[in-house]
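> Got a structure here, written out as structure tokens. Questions coming.
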Amino acid sequence: MVGSKPALLGLTLKQTYVRTDRFLEVVVDVSSSALATKIVKCALGFSKTLVVDMAFLLEGRSRQEFPERVLGSLRLKNVDFKNSQRLVGP
């Protein structure tokens with residue numbers, strides 16, 4: 001449904017940031033885009049068979065910020081949303 005082209009989340013989805021001296025948290029509001037909401041609803045039915053790879057980096061805008069490097073990545077595989085639990089930090 002979305003292909004394999006990378007997406008720049010900050011251009012289309014509302015985001016909020018929580019930054020401390022120990023971590024940076026990015027909250028992505030998928031419901032802030034009608035298209036993203038449709039994609040998520042469609043994916044819910046296939047979640048147990050999907051494999052989603054995500055990598056995160058900050059976009060460089062000047063020569064001093066290049067080359068860009070990956071901050072982190074994750075793989076979501078066979079997620080069962082019916083049995084999911086919300087993680088709450090300290």
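> Please find, within segment 1-37, the residue that is modelled with the highest pLDDT out of those that are within 23 Å of residue 75 (Cβ to Cβ) and charged (D, E, K, R).
Across segment 1-37, the extreme among qualifying residues is 29.
> Only residues that are part of a helix (DSSP H, G or I), of a type outside the set (S, T, N, Q) and under 21 Å from residue 59 (Cα atoms): list them for segment 1-34, please.
Selection gives 9, 10, 11, 30.
> Shifting gears a bit: Just the residues that are aliphatic (A, V, I, L, M) and closer than 19 Å to residue 80 by Cα, please, taken from segment 6-64.
30, 39, 40, 43, 44, 50, 51, 52, 54
A quick yes/no check of all residues on (1) surrounded by 12 or more Cβ atoms within 10 Å (Cβ to Cβ); (2) part of a loop (DSSP other than H, G, I, E, B); (3) under 13 Å from the mean Cα position of the chain (by Cα); (4) touching a residue at least 60 places away in the same chain (Cβ under 8 Å):
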position: 36; (1), (2), (3), (4): yes, no, yes, no
position: 60; (1), (2), (3), (4): yes, yes, no, no
position: 69; (1), (2), (3), (4): no, yes, no, no
position: 74; (1), (2), (3), (4): no, no, yes, no
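The values are calculated or read from the model by the stated rules, or taken from the named source; none is laboratory data. No experiment lies behind these values; they were computed from the predicted model shown. Positions of Cβ are backbone-derived with ideal geometry, glycine not excepted, and every protein chain shown enters the neighbour counts.
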